[in-house]
Amino acid sequence: MEIKSVVLPVVTDNFEQTVEFYKKVSGSEVSLTAAHDGYKLSQVDRFVILGALGDPKALEIPSLVNAIFVVDDLAAYWSILKDHCRSVIIPVNRVSTGTRFIVEQLDGKVIEYLQLNESQ
């Protein structure tokens, strides 16, 4: 059981400009792009930039997330957190980048736990 990396979500209403900004400040290029749940995302370094595909309501849950923990064994984290958190915001589900769940932890932080697809 390991948290492989921590990624910071950036929710924006100006997607392309925000992606360009994070490319500039990080000196990195886009390493991942995906779309699901009504929004698109691009990862630049340790930042995941999210923008609505249409309805801005698609960003309601992503805007709650304080951090994304990329993990090696999602099931192990789920077995601990499903019963030891303030609330389950999104239970385990598949998304284009892998499998995830979102919880409000006991410390009040909203964390998305994500196990990436094998090809990523």
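The values are calculated or read from the model by the stated rules, or taken from the named source; none is laboratory data. Remember, predicted model here, so these are calculated numbers, not experimental data. Heads up, the Cβs are rebuilt from the backbone with ideal geometry, glycines too, and the neighbour counts pull from every protein chain shown. Just the protein is used for accessible areas: all its heavy atoms, side chains included, with ligands, DNA and RNA removed. Shrake-Rupley method; radii C 1.70, N 1.55, O 1.52, S 1.80 Å.
For the stretch 50-95, the set of residues classified as in contact with a helix residue (DSSP H, G or I) (Cβ under 9 Å, 6 or more places away or on another chain) and loosely packed, with under 12 Cβ neighbours inside 10 Å consists of 91 only. Taken over the stretch 1-32, residues that are open to solvent by 70 Å² or more (accessible area, probe 1.4 Å), in a helix (DSSP H, G or I), more than 23 Å from residue 55 (Cβ to Cβ) and not hydrophobic (A, V, I, L, M, F, W, C) amount to 2. Among the residues of the stretch 7-39, those identified as of a type outside the set (Gly, Ala, Ser), free of Cβ contacts under 8 Å to residues at least 24 places away in the same chain, over 20 Å from residue 69 (Cβ atoms) and touching a helix residue (DSSP H, G or I) at 6+ places or on another chain (Cβ under 8 Å) are 29, 30. Residues in the stretch 86-105 that are modelled with pLDDT under 95 and not in a strand (DSSP E or B): 96, 97. If the condition is being more than 15 Å from residue 48 (Cβ to Cβ) and touching a strand residue (DSSP E or B) at 6+ places or on another chain (Cβ under 8 Å), then the stretch 95-114 contributes 99, 101, 103, 104, 105, 109.
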